[in-house]
1. Of all residues in the stretch 321-357, which are over 27 Å from Glu124 (Cβ atoms) and outside any helix (DSSP H, G or I)?
2. Taking Arg293 as meeting all but one of (1) within 18 Å of Pro260 (Cβ to Cβ); (2) not in a helix (DSSP H, G or I), write down the number of the exception.
3. Check off (1) touching a Gly at 6+ places or on another chain (Cβ under 9 Å); (2) more than 28 Å from Tyr265 (Cβ to Cβ); (3) open to solvent by 60 Å² or more (accessible area, probe 1.4 Å) for Leu129 and give me the number that stays unchecked.
4. If I filter the stretch 259-277 for residues that are assigned to a loop (DSSP other than H, G, I, E, B), open to solvent by less than 20 Å² (accessible area, probe 1.4 Å) and in contact with a Cys (Cβ under 6 Å, 6 or more places away or on another chain), do I get at least one hit?
5. Given the conditions (1) open to solvent by 70 Å² or more (accessible area, probe 1.4 Å); (2) under 27 Å from Pro243 (Cβ atoms); (3) of a type outside the set (Gly, Ala, Ser); (4) without any contact (Cβ under 8 Å) to a residue 60 or more places away in the chain, report the number of the one that Glu124 does not fulfil.
6. Considering the stretch 42-68 alone, what residues qualify as being away from ligand 1 (no atom under 12 Å from the Cβ), in contact (Cβ under 8 Å) with a residue 40 or more places away in the chain and buried (at least 17 other Cβ atoms within 10 Å of the Cβ)?
7. In the stretch 289-320, which residue that is within 17 Å of Tyr265 (Cα to Cα) and under 12 Å from the mean Cα position of the chain (by Cα) is most open to solvent (accessible area, probe 1.4 Å)?
Amino acid sequence: MFGLEALLCVLIQTSGRWNIFGWMYILKKFEIPKVINSLEHENLMLSVCMQCGTCSASCTSRQSFNLRKLILNLNLTGNDLSDSIWDCTTCLTCQTRCPRGIPLTEIIVDSRKEFVETGRIPSEIRDMLDSIYKHKNPFGEGKYKRKKFIEDIKKKFDVSDISEYYWFIGCVSSYESRSMEVVEKTARIFKDIGIDFSVDADEGCCGNEAMVLGEEGLFELLKEENEMFFKERGVEKVIASSPHCYNAFKKYYGLEVLTPVEVIYKAIKEGTLEFKYDVDARVTYHDPCYLGRYNGIYDAPREVIKSVYNVEFVEMQRIRENSYCCGGGSGNFLRESRANVQRVREALSTNADILVVSCPICLIMLEDAVKTLNSDLAVMDVVELVHLAMYGY
Ligand code: SF4
Ligand code: SF4
């Protein structure tokens with residue numbers, strides 16, 4: 001009997017993702033409850049690391065730290081993860097690919113929470129969090145800029161106050177000029193295809209970046225304010241311009257939420273959105289981490305691109321759940337990154353004319369990389385490609 005159990009344990013231990021259940025089985029079976037109690041959940045998860053290096057090899061921030069070595073060090077010494085984890089973009093690649101199913105990104109975010117509590121924060125991250133607290137945006141800019149931008153959109157497109165959908169424009173799309181252009185194009189399309197939406201100049205920050213930077217207290221404060229904001233306006237359904245806001249509303253607020261590309265895809269399928277112009281171009285698509293890996297939205301943007309007349313769609317080498325990050329997540333769009341250049345090189349290897357994204361952060365990161373590489377590759381939000389096919393500009 002014991003032999004059979006031992007064999008079962010060995011099988012469980014060598015079966016990849018189920019390994020953690022193997023450990024639990026062994027510990028329980030051989031009555032070691034004290035051991036179970038003494039082990040923190042995360043430490044138990046980490047202890048099953050087999051040092052394969054999949055996480056570090058695919059890490060967006062591998063120039064800053066070696067995740068495999070950090071895990072080894074943590075297992076051997078019990079010391080904290082290194083301060084270099086502030087460079088982690090929370091792209092979720094390591095967590096998605098770890099053959100042992102270790103929730104690596106969550107462990108990094110949890111470590112950041114401890115760092116925040118003890119004040120171990122790089123100055124630029126501290127400034128960003130201070131700005132989110134004071135100005136409700138990470139850019140250190142006053143609220144008036146967002147207010148004016150949204151009021152202008154409201155006037156220009158005759159947007160009502162009460163609607164089926166509240167369109168949450170978000171920080172990056174309210175303060176970064178390239179993403180602000182996308183908002184204007186989105187508003188025009190929404191109006192023309194009959195989407196009943198409202199916007200409000202008093203919206204704040206969704207809190208996604210505060211959360212993944214480990215500032216849980218700030219996130220809770222923002223969430224409370226936003227929930228009040230939605231309640232006062234009777235908001236039940238949200239469209240979020242940024243996949244980061246989409247992620248926060250869906251995962252932490254439990255709201256019904258859509259992205260603009262999903263709205264557009266639905267309109268194309270229902271025949272309420274029609275293209276008038278050919279876009280004679282070779283187009284590739286970059287999966288944003290918070291749209292793809294976090295929320296599984298891979299097909300809608302691809303289908304929208306492919307439905308544009310004359311577009312020749314080509315895939316990059318790393319796509320969907322294996323897509324490479326733009327380097328901008330978790331506040332890194334305000335810091336140095338090399339991942340964006342790497343990603344644009346991949347796009348260039350497809351000989352595409354246009355690199356399409358569906359995230360305001362990816363848009364600014366990849367456009368910056370195109371400038372760094374002196375390339376003439378056009379970077380567009382998927383909404384801009386649709387706008388081009390609808391209006392010719
Ligand atoms: S991918 Fe998972 S098992 Fe492999 S080294 Fe990283 S943490 Fe360990
Ligand atoms: S989430 Fe991305 S950047 Fe962070 S450690 Fe994992 S692979 Fe690296």
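The values are calculated or read from the model by the stated rules, or taken from the named source; none is laboratory data. No experiment lies behind these values; they were computed from the predicted model shown. Positions of Cβ are backbone-derived with ideal geometry, glycine not excepted, and every protein chain shown enters the neighbour counts. For accessibility, only protein heavy atoms count, side chains too; no ligands or nucleic acids. Shrake-Rupley method; radii C 1.70, N 1.55, O 1.52, S 1.80 Å.
1. Ser349, Thr350, Asn351, Ala352, Asp353, Ile354, Leu355, Val356
2. (1)
3. Leu129 satisfies all of (1) touching a Gly at 6+ places or on another chain (Cβ under 9 Å); (2) more than 28 Å from Tyr265 (Cβ to Cβ); (3) open to solvent by 60 Å² or more (accessible area, probe 1.4 Å) except (3).
4. Among the residues of the stretch 259-277, not one is assigned to a loop (DSSP other than H, G, I, E, B), open to solvent by less than 20 Å² (accessible area, probe 1.4 Å) and in contact with a Cys (Cβ under 6 Å, 6 or more places away or on another chain), which makes the answer no.
5. For Glu124, the failing item is (4).
6. Thr60, Ser61, listed by residue number.
7. Among those residues, the one meeting the criterion is Gly296.
Yes or no, residue by residue, for (1) more than 16 Å from ligand 2 (Cβ to nearest atom); (2) more than 21 Å from Val172 (Cβ to Cβ); (3) outside any helix (DSSP H, G or I); (4) touching a Lys or Arg at 6+ places or on another chain (Cβ under 6 Å):
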position	(1), (2), (3), (4)
Glu106	no, yes, no, no
Asp110	no, yes, no, no
Glu114	yes, yes, no, no
Gly119	yes, yes, yes, no
Ser131	yes, no, no, no
Lys134	yes, no, no, no
Glu141	yes, no, yes, no
Tyr144	yes, no, no, no
